[in-house]
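Report on the structure given below.
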Amino acid sequence: MSDLLLSGEVREGLGHTLHWIATAIEMLGVAVILLGVLLSTIWMARDLASGEWTRAYRSYRANLGRGILLGLEFFIAADIIGMVAIVPTFERLGILAVIIIIRTLLSFSLQIEVDGRLPWRRKEEGKIRSEGL
């Protein structure tokens, strides 16, 4: 009987630990996004001060997007760890799958917005530039 109780206590302690780890990773994601906003704004102000309006706008959007993308990766990691902390059920796994799909699609669209091209076109553009076409 004490083995079952200990096993339950250990399981509960592990669940709490994983929950706190997931929360810490979520907070890190928020901090990354906030830091991205702050640094992007500072860099934009520097570009604006030098009179480079177009560069300031493009740089701001790209840097802001990169900060959001990195923050989203932390949120996805926290969701996965959080799922392990709770007793996984098919319903919760389905919800996690939907959340990950939505965040992945958001990350994909942000990446296209930041780069200005589809991810699989990077190598093609590199070949064209190296061949001088």
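Quick notes on this one:
- Whichever residue in the range 78-87 is part of a helix (DSSP H, G or I) and open to solvent by 60 Å² or more (accessible area, probe 1.4 Å) and, among such residues, is nearest to residue 16 (Cα to Cα): 84
- Some residue of the range 88-108 being surrounded by 10 or more Cβ atoms within 10 Å (Cβ to Cβ), closer than 24 Å to residue 59 by Cβ, at pLDDT 70 or above and of a type outside the set (Phe, Trp, Tyr): yes
- Evaluating residue 51 against the criteria (1) more than 26 Å from residue 106 (Cα to Cα); (2) in a helix (DSSP H, G or I) leaves one unmet condition, (2).
- The residues of the range 38-77 that are open to solvent by less than 50 Å² (accessible area, probe 1.4 Å) and in contact (Cβ under 8 Å) with a residue 40 or more places away in the chain, listed by number, are 62, 65, 69, 71, 72, 75, 77.
- In summary, residue 46 fulfils each of the numbered conditions (1) within 25 Å of residue 107 (Cβ to Cβ); (2) modelled with pLDDT of 90 or more with the single exception of condition (1).
- Filtering the range 78-121 to residues that are touching a Ser or Thr at 6+ places or on another chain (Cβ under 9 Å) and touching a residue at least 60 places away in the same chain (Cβ under 8 Å) leaves 82, 85.
The values are calculated or read from the model by the stated rules, or taken from the named source; none is laboratory data. For clarity, every value in this text was computed on a predicted model and none was experimentally measured. Cβ: placed from backbone, ideal geometry, glycine included. Neighbour counts: every protein chain shown. Protein only, heavy atoms only, side chains kept; ligands, DNA and RNA dropped before computing areas. Shrake-Rupley method; radii C 1.70, N 1.55, O 1.52, S 1.80 Å.
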